[in-house]
Amino acid sequence: MGERKVLTKYYPSDFDPKKLPRIRRPNKNRQQNVCMMSPMSIRCNTCGNYIYKVTKFNFRKEDVIGNTYLGIQIFRLYFKCTRCSAELTITTDPMNSDYVVESGAKRNFEAWRVEDEEEDKQRKKKEAEELGDSMKALENRSLDSKRQMDILAAVDELKSIKCKHANVSLDSMLEPLLQDKEKKKKKKLEEEEEDEALIRSIFQKRKRLPDEDEDSFDVQNKLKSSEEIPIKTQNTAKSSINSSVRIVVVKRSAAKKSRGLQSLCQYHSDDE
């Protein structure tokens with residue numbers, strides 16, 4: 001047990017490496033089992049099943065003999081469809097840092113790939129134009145520098161706006177709202193006070209209405225109190241009775257003359 005932990009092994013004096021049995025090495029293009037996830041979303045050509053990205057599979061990996069990119073070996077991966085078990089193959093693409101569907105399936109549409117391809121085309125076209133024309137290269141560089149300056153100016157403006165907003169506190173932001181709220185409260189109170197004053201004035205006028213007719217009521221009461229209704233009977237045996245009614249009215253003052261009785265009224269019987 002202690003020998004397996006040492007760094008050096010003991011070789012006896014009669015050790016001959018030629019006498020060791022030869023180990024059979026596997027073939028260079030032997031397939032290896034690799035467990036990994038699907039690097040792209042594809043559709044099976046056999047059954048039309050969609051296989052989405054990051055779906056886990058057991059791949060069989062092998063080298064593509066005689067196919068390299070800048071000394072980087074290209075690999076081929078085999079796997080099966082999840083529905084119909086048809087064999088699908090993809091290969092690595094070291095030039096674009098991506099994978100390519102080789103057979104059995106079709107890659108789904110990806111918008112970002114179209115944008116990247118368009119950008120690559122524009123870049124290659126620009127490089128081709130600048131290759132033989134120095135003035136075109138100078139013009140492109142001036143446009144790039146101008147665009148960069150505009151971007152820096154926009155960034156500085158955003159920074160200044162951010163600094164201004166950073167100085168604004170929550171209280172200062174809420175202050176206008178609170179002021180508006182207080183103004184509305186004051187206005188409401190003033191309106192309520194005006195309404196109360198109007199109601200009070202109306203009720204006061206209503207109370208004064210019977211006071212205006214108070215003099216007429218007093219005159220009538222005095223009339224009732226000062227009425228004298230003497231009834232005289234001359235002969236009880238007589239069939240006709242002579243009665244006299246006299247009403248005394250108290251005259252009002254000069255100020256209240258227009259509202260009182262203006263004449264003296266006397267009532268007599270038919271006999272008189």
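The values are calculated or read from the model by the stated rules, or taken from the named source; none is laboratory data. Note that the coordinates shown come from a computational prediction; the quantities given were computed from them, not determined experimentally. SASA here: full protein model, heavy atoms, side chains in, ligands and nucleic acids out. Shrake-Rupley method; radii C 1.70, N 1.55, O 1.52, S 1.80 Å.
Of the solvent-accessible surface of segment 141-189, computed with a 1.4 Å probe and all protein chains present, 62% belongs to carbon and sulfur. Exceeding 32 Å between C-alpha atoms, which entries from my cross-link table qualify? They are LYS159/LYS185; LYS53/LYS124; LYS56/LYS126; LYS124/LYS164; LYS53/LYS121. Those over the limit are LYS159/LYS185; LYS56/LYS126; LYS124/LYS164. Looking at segment 38-85, the accessible area is 62 square angstrom per residue; that uses a 1.4 Å probe and ignores ligands, DNA and RNA. Classify segment 66-139 as rounded, prolate or oblate, taking a ≥ b ≥ c as the square roots of the eigenvalues of its Cα gyration tensor: rounded when a/c is under 1.5, otherwise prolate if a/b is larger than b/c and oblate if not. It is oblate, given that a/c is not under 1.5 and a/b is not larger than b/c. The mean sequence distance of close C-alpha pairs (under 8 Å, at least 6 residues apart), as a share of the length of segment 79-208, puts its relative contact order at 8 percent. One chain, two ends: CYS84 and MET135. Fully extended at 0.36 nm per residue, the span grows by 12.4 nm beyond their Cα-Cα distance.
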